[in-house]
Amino acid sequence: MVKYFFRLGYIGTKYRGIQKQIDKPHETIQGAVESALLGLKLQNYPKTTFASRTDKGVHALMNAFHVDLNHTMPGEVYQPHHIKKVLNSYFIENNHEIM
């Protein structure tokens, strides 16, 4: 398992805050990020840990999170730029305002 650290910013108008909510996970920043990480075809569900929280509708110029990823091939490590590309593609395709 490899730990990755990322920084991101977002326009929070259409989100219900950072923290994933059981009833509407895709309406939160954490839910959107975890859904995007599923595109990496991992052995584990990518559970993120954010450095701080924001409430519904709040924007962030910069926030940070880390995630432990268990790759499908033993010893395999994704390059951070590849993960960033997967995340950004998902955000664009799904109309998320996360950068």
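The values are calculated or read from the model by the stated rules, or taken from the named source; none is laboratory data. Small disclaimer: the values here were computed from a predicted structure and weren't measured. Here the Cβ positions follow ideal geometry from the backbone for every residue, glycine too, while neighbour counts run over all protein chains shown. With ligands, DNA and RNA removed, areas are computed over all heavy atoms of the protein, side chains included. Shrake-Rupley method; radii C 1.70, N 1.55, O 1.52, S 1.80 Å.
At-a-glance table
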item: Apportionment of accessible area to carbon and sulfur, the chain, percent (1.4 Å); result: 56
item: Surface/4 estimate of mean projected area, convex hull on alpha-carbon atoms of the chain, nm²; result: 5.8
item: Local electrostatic count at His26 - Lys and Arg +1, Asp and Glu -1, tallied over other residues with Cβ under 14 Å; result: -1
item: The chain, helix-only ellipticity at 222 nm - DSSP H runs n ≥ 4, -39,500 (n - 2.57), divided by all residues, nearest 500; result: -7000 deg cm²/dmol
item: Within-15-Å neighbourhood charge of Lys56 [Cβ basis; K, R +1; D, E -1]; result: +1
item: Under-17-angstrom lysine pairs by C-alpha in the chain, whenever the two are 8 or more apart or on separate chains; result: 12
item: 0 to 90° range, to nearest 10: angle between helix 80-93 axis and the chain longest Cα axis; result: 40
item: Within the chain: Cβ-based charge dipole about Cα centre, in debye rounded to nearest 20 (Lys, Arg +1; Asp, Glu -1); result: 120
